[in-house]
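Readers should treat all values here as calculations from the given coordinates under stated rules, not as data from a laboratory. Being a predicted model, the structure only gives us computed values, none of them experimental. Backbone-built Cβ (ideal geometry, glycine too); neighbour counts: all protein chains shown.
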Amino acid sequence: MRLRYILSILCGITLTGNVLAAELSARDHIHAALEHWRDSSSHSIVQMSIQRPDWKRSMRLEMWTQGMDKALVEVVAPKKDKGNASLLKQQRMWSFTPKTNRVIKIPGSMMGKSWMGSDFSNNDVTRSDDLLKYYDHNIIDKYEHEGQAVFVIEALPHEDAPVVWGKELLDIRADHILLSHVFYDQDNQIVKRLKTLEIKAMGGKQIASWQRMEQEEEPGKWTEVQVLEAEFALEMPAYLFTLSNLRNPR
């Protein structure tokens, strides 16, 4: 009897979450998904694996974020790449390479290029809330995943939007976890897609802990990101997201 009672409570919580999610607009779902992953701030250890038909590469990254517009990413392994870092602040990006001991601001012409040799572009990493600012959003479908309602959202850029994609399609669960993100070119052809492969509890909540970004026309070309550790809503020191800390991390 007690087990049945507990199950009924858990079921009720799930149903309530789905009902509340159903009342959100398409834009609200995207905003909630972005906030769910980053929270007010975050610190994480991430394994990034890059696969190509003739080679593969793996890096361990330490990452810090604050709000929607600040992030610091540093390579901690392997040894030959250790210390390479990227600073993202107010949609601008700088990189630091220990071998040259130089901080370089990434120009706008390079924002579509690969980030750290992966299938993520500099734009993918820095744009943060561009998906909210420069797009119109519509819920075009709905299905279920592990007892959670999933909302399929079409994001169409404004006519004068400073973006490269012709359309983006996102599958977002009622608990704000992103399951899929598909990027289309101006001819409405799929270029690449981000897929969530695993969901785990970390830092006190469920997150997309393992994701793959893959090229549509090149099935042997992809990048996987696996979160090994994550904490959220932390106090961040003021110096963390600065150029001086990028060059000489404390």
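Calculate the spin-label point distance for M202 paired with A238, positioning each point 7 Å from the Cα along the beta-carbon direction, and give it in nanometres.
Reported label-point gap for A238 and M202 is 3.1 nm.
Taking only Cα atoms, what is the 0 to 90° angle, nearest 10, from helix 2-22's long axis to the longest principal axis of the chain?
Long axis of 2-22 versus the principal axis of the chain: about 60 degrees.
Just in the stretch 188-217: which GluC sites (Glu not before Pro) are loop by DSSP and have at most 11 other Cβ atoms within 10 Å?
Numbers: sites: E198, E214, E216, E217; in loops: E216, E217.
Those that pass, being in a loop and sparsely packed, are E217.
Given the pairs K79/K167; K105/K142; K105/K221; K56/K167; K80/K205; K56/K142, which span a C-alpha to C-alpha distance of over 32 angstrom in this model? Before the final figure, lay out the partial values.
Values: K79/K167 39 Å; K105/K142 41 Å; K105/K221 28 Å; K56/K167 30 Å; K80/K205 34 Å; K56/K142 36 Å.
Checking Cα-Cα distances, K79/K167; K105/K142; K80/K205; K56/K142 exceed 32 Å.
Compute the angle between helix 26-38 and the longest alpha-carbon principal axis of the chain, please, reported from 0 to 90 degrees and rounded to the nearest 10.
Roughly 60 degrees, rounded to the nearest 10.
Could you compute the net charge surrounding K80? Neighbours are other residues with a C-beta less than 13 Å from the C-beta of K80; K and R count +1, D and E count -1. Please report the intermediate quantities before stating the final value.
On the way: positive: R57, R60, K79, K82, K99; negative: D81.
Every neighbour counted, the sum reads +4.
No solvent, one uniform scatterer per C-alpha: report log10 I(q)/I(0) for the chain via the Debye equation at q = 0.16, 0.17 1/Å, two decimals.
-1.31, -1.47
What whole number of Å gives the distance from the Cα centroid of the stretch 83-154 to the Cα centroid of the stretch 188-249?
Taking the Cα centre of the stretch 83-154 as reference, the centre of the stretch 188-249 is 10 Å away.
Taking square-rooted eigenvalues a ≥ b ≥ c of the alpha carbon gyration tensor, is the stretch 104-163 rounded, prolate or oblate, where a/c under 1.5 means rounded and, failing that, a/b exceeding b/c means prolate? Can you show the working numbers first?
On the way: a/c = 3.64, a/b = 1.70, b/c = 2.14.
Cα axes put the stretch 104-163 in the oblate bin.
To the nearest 500 deg cm²/dmol, what mean residue ellipticity at 222 nm is calculated for the chain from DSSP H runs of n ≥ 4 alone, each contributing -39,500 (n - 2.57), summed and divided by the residues? Don't skip to the end; give the middle numbers.
Values: 5 runs with 48 residues, N = 250.
That comes out to -5500 deg cm²/dmol.
Which shape class, rounded, prolate or oblate, goes with the stretch 64-161 when its Cα gyration tensor gives a ≥ b ≥ c as root eigenvalues, a/c under 1.5 marks rounded, and past that a/b bigger than b/c marks prolate?
Details: a/c = 2.78, a/b = 1.76, b/c = 1.58.
Prolate shape, in that a/c is at least 1.5 and a/b is the bigger ratio.
For the charge dipole of the stretch 76-131, defined by +1 on Lys and Arg C-beta atoms and -1 on Asp and Glu C-beta atoms about the Cα centroid, which residue among G108, P78, V125 has the Cα displaced farthest towards the positive pole?
P78
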